[in-house]
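Beneath this line is the structure, given in structure tokens, with notes to follow.
Quick note: the coordinates plus some simple rules give every number you see, no bench work behind them. These figures come from a predicted structure and were not determined experimentally. Quick reminder, even Gly has a Cβ in these numbers, built from the backbone with ideal geometry, and neighbours come from all protein chains shown.
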Amino acid sequence: MFNTKENIHFYFFFILSCFSLLTYAQENELKASVSKNKLGINQRFRIQFTINKQGGDNFKAPNFKNVSVIGGPSQSISQSWINGKQTFSQSYTYILQPKRKGEITIGPATIEMEGKILTSNTVKILVLDAVEIPKNPNDPDYIASQNIHLVAEISKGQPYVGEGVYVEYRLYVSENISIYENGITESPQYNGFWNQELNNQGASVKQGTYNGEKYRYAVLHKALLIPTKSGKLTIDPMKMDIIVGVPTGRSDFFGNMVERRVRKEFSSAKKVIKARELPTANKPIDFSGAVGQFSFAVGLDKDALKANESSQISVTVSGKGNLKLFELPKIETPKELEVYQPERKEKVNISYGGISGTISDNYTVVPEFKGKYKIPAVTFSYFDPKEEKYKTITSEDVYVDVLEGKEITESTNTTDTVIKKKDIEVKGTNFRYIQTDSSLGPLETDDFYKSTWYFVLLLLPVVIVPIVVFTHRKKEERNKDILGNKRRKADRLAKKYLSVAAKQLGDKERFYESLERAMHNYLKAKLRVETADISKDKIKAMLENKAISETSITELMEVLNNCEFARYTPIDNLMMRQELEKAQKVITQLDKQL
């Protein structure tokens, strides 16, 4: 326990500390800011002096040397309560125009506050040559176009073919402009690129600069791009429709700035990426288009097994690069091993840095004969864009040891396999005495005639024969229904490819990613094209060459376009289910015609 004297000292210091914190939290400040710090000599700009506490008096503007005062001062007051805390600001705004080119410094303003003189910061602006402006610089459309900018930024302008870059779309908005509604009217097109949208995790507003001026901005869309061909590749613009609140320079009865709302379309500039061709010097023969940094291995899950027992041989590439855009090396196996078509497995992550993870082809091997079999080493080549050179990795030999099974011998004809005959081994129980005499006697059984089983077996053909005949006729009718069989087969195929997307209903990002992958996998299987060749233009051309109806091609393109466009717009579960049904219908129609 504290004594009385100690308590007094404790409370004194406590109150003094609280007073000091309160005084610090309520420190007065007069701040100057401009709408532009880089402009043409024939342009106007706005300067605003803001005090953060009520009670200021005798405001004095600076000496506006080298600039003309076009309008002002206009005053505005903003006051609010948030979570029990009061915020206040009072502003004095001027519209100015420079008189000369070069750097101009605007001195500080002053105001009296609680017996003290507060001084604002100085502001510098850079005045350049005259720019083209409309006849009416106060036109809301012109003001909106000068204060809102939709910008596409790319991480690298000259990547190699197969090297990942990312594009980011930002909306810059000046601090004096308000936005009430906005929506993307035209999504960007990435012709000549493999592309994947990146998770934006919400378009939060941040502070930044654009052309040397302070702006608020939000990231609207991010995507990873991998060029699939060399040369100049154009990224078409993104377009948005925005309702903008433009200040009029007048204040209402409460001192709030009066705005005028206008609807205006904004568009990002076209971006051109110069994709460099991979070098031909020292290019390995087995190079299949892998670009990045990778590791490679061939493994066997069981190296000792019996005949007709299966084992898995995995061909695996891990690392960072265009993992989805190249084929894995093929293995060669002895003819005595039965090998099935490989199953592709992918475990990849797509981010700003590109694609990273693991892909593998898993071969199922089933031996028939006893022996030890060698699976020769395999090479994998890739191009490293950081070191700008090709690299080759060679796996180790893999051996399959079959411990039990039929034995083989080599004959003069190397294509035939002959089973080696063995001499008969005589053992004590191999041959037994065969009895030649018989002793027959009456068999004691129940009377089968007129028993239950007798009548069941008697009537059974009467029931089975009509069923067999009916089933056979139905099967013949179904076999004759060629169109119906094609439709049923196509329906089963569509459900197979779209099963993964159906499981993602409700999760917009994963659903449309799975739906797009399903459509691509179906087209790859039917058109027999490689992953890197999957582009809408090439798909359309191949389908036209196969005499696919224009309606089916149009509906397919709509599904693929919707997979891209839907990521940027609000989508509910009903719309996703309708999109899934439409995709199933498209696959069914295409499969019947193919």
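Spin-label model, R260 to T554: label points 7 Å out along the Cα-to-beta-carbon direction sit 4.4 nm apart.
Count the net charge of all other residues whose Cβ sits under 9 Å from the Cβ of I226, scoring Lys and Arg as +1 and Asp and Glu as -1. Combined, the nearby Lys, Arg, Asp and Glu give 0. With the gyration tensor restricted to C-alpha atoms of the range 26-128, the semi-axes of the equivalent ellipsoid amount to 28, 14, 11 Å, longest first.
Placing a label point 7 Å from the Cα of A297 along the Cα-to-Cβ direction, the residues of the range 332-358 whose backbone N falls under 14 Å of that point are 358.
Using r as the Cβ-Cβ distance of A377 and S351, and R0 as 45 Å, what FRET efficiency do you calculate, to the nearest 0.05? Efficiency, rounded to the nearest 0.05: 0.85. If the Kirkwood radius is taken over C-alpha pairs of the range 253-367, then at 10 °C and 1.306 mPa s the Stokes-Einstein diffusion coefficient equals 84 µm²/s.
Would you mind telling me the antiparallel percentage of the DSSP bridges in the range 292-409, rounded to 5? So the antiparallel bridges in the range 292-409 amount to around 90 percent. The label-point distance for K274 and E332, in a model that sets each label 7 Å from Cα toward Cβ, rounds to 4.3 nm. Projecting the Cα atoms of S187, Q207, A223 onto the charge dipole of the range 181-251, computed from C-beta unit charges around the Cα centre, puts Q207 farthest toward the positive end. For the Cα trace of the range 140-275, dividing Rg by the Kirkwood Rh returns an Rg/Rh value of 1.06. Sorting 581-589, 283-291 by average packing, meaning the other beta carbons within 10 Å per residue, from highest down gives 581-589, 283-291. For the pair I70 and K389, label points projected 7 Å from Cα toward Cβ lie 6.0 nm apart.
With respect to the cross-link table entries K508/K592; K302/K374; K503/K540; K156/K283; K270/K324, which display a Cα-Cα separation exceeding 18 Å? Working shown, then result.
Working: K508/K592 30 Å; K302/K374 14 Å; K503/K540 28 Å; K156/K283 24 Å; K270/K324 27 Å.
Result: K508/K592; K503/K540; K156/K283; K270/K324 exceed 18 Å.
Neighbours of K582, meaning other residues whose beta-carbon lies under 12 angstrom from its beta-carbon, give a summed charge of -2 when Lys and Arg score +1 and Asp and Glu score -1. When only alpha carbons are used to place a centre, the range 339-395 and the range 153-201 end up 33 Å from one another.
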